[in-house]
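Report on one structure; see the data block that follows.
The values are calculated or read from the model by the stated rules, or taken from the named source; none is laboratory data. Everything numeric here is computed off the predicted structure, so don't read it as measured data. Methodologically, a virtual Cβ is constructed for each residue, glycine included, from the backbone with ideal geometry; neighbour enumeration extends over all protein chains shown.
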């Protein structure tokens with residue numbers, strides 16, 4: 001009997017799992033289920049590793065180099081960039097502007113650093129809307145052209161304010177579903 005049903009039978013009352021602030025039991029279970037499914041489909045999960053750079057040839061990502069495998073190019077038919085925003089180093093800011101550090105992707109941002117934020121803490125903060133440019137299929141743009149096998153989702157993309165609009169999780173989830181559909185359709189083509 002599954003643990004949740006066993007607990008429900010033991011206490012004689014309905015038991016429900018509710019999402020809470022991370023780490024939540026529901027979130028950890030979903031993570032474990034998705035990880036198992038990825039591995040069943042032949043995917044490789046490399047926790048604790050980070051992609052540092054990539055090879056790009058003829059509009060395609062052809063190799064990924066990680067902190068732990070810097071001399072071995074990892075290859076994939078499709079690549080999904082879900083690196084987050086500034087706080088997780090998916091975007092980097094310096095005196096010259098805002099950049100995406102792994103692929104050198106096009107980023108929507110303000111040119112003048114003084115326009116990145118407002119002095120009023122409760123005002124909309126422009127930097128929260130900065131992010132990687134994509135086409136309608138969420139393929140990342142580099143030098144104005146879509147990379148055919150690189151998709152961008154979640155906080156690394158721009159054009160919305162996750163705090164003010166309260167939509168960060170929704171943008172991430174819907175973007176992930178959209179990209180999964182794009183990749184599945186691409187893989188089905190002969």
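Worth a mention:
- Tally, over the stretch 16-28, of residues that are free of Cβ contacts under 8 Å to residues at least 12 places away in the same chain and surrounded by 11 or more Cβ atoms within 10 Å (Cβ to Cβ): 6
- When the stretch 134-175 is filtered for residues that are surrounded by fewer than 17 Cβ atoms within 10 Å (Cβ to Cβ), out of contact with any helix residue (DSSP H, G or I) (no Cβ under 7 Å at 6 or more places or on another chain) and in a helix (DSSP H, G or I), the ones remaining, listed by number, are 169, 170, 173, 174.
- Pairs are defined by a Cβ separation below 6 Å, a sequence spacing of at least 6 or placement on different chains, a first member in the stretch 141-168 that is in contact (Cβ under 8 Å) with a residue 24 or more places away in the chain, and a second member that is in a strand (DSSP E or B) and surrounded by fewer than 16 Cβ atoms within 10 Å (Cβ to Cβ); the pairs so defined are 148/60; 149/60; 158/108.
- The lone exception for residue 43 - which of (1) within 22 Å of residue 143 (Cβ to Cβ); (2) over 15 Å from the mean Cα position of the chain (by Cα) it fails: (1)
- Among the residues of the stretch 94-115, those that are more than 18 Å from the chain's Cα centre (by Cα) and touching a residue at least 12 places away in the same chain (Cβ under 8 Å) comprise 95, 97, 109, 110, 111, 113.
- Qualifying residue in the stretch 119-128 (condition: touching a residue at least 12 places away in the same chain (Cβ under 8 Å), within 18 Å of residue 92 (Cβ to Cβ) and under 17 Å from the mean Cα position of the chain (by Cα)): yes
- Among residues of the stretch 91-110 being at pLDDT 95 or above and part of a loop (DSSP other than H, G, I, E, B), the one that is farthest from residue 149 (Cα to Cα) is 91.
- Looking only at residues of the stretch 2-28 that are part of a loop (DSSP other than H, G, I, E, B) and modelled with pLDDT of 85 or more, we find that the one that is farthest from residue 169 (Cα to Cα) is 12.
- The set of residues from the stretch 29-87 being surrounded by 14 or more Cβ atoms within 10 Å (Cβ to Cβ), in a loop (DSSP other than H, G, I, E, B) and touching a helix residue (DSSP H, G or I) at 6+ places or on another chain (Cβ under 8 Å) comprises 78, 82, 83, 84, 85.
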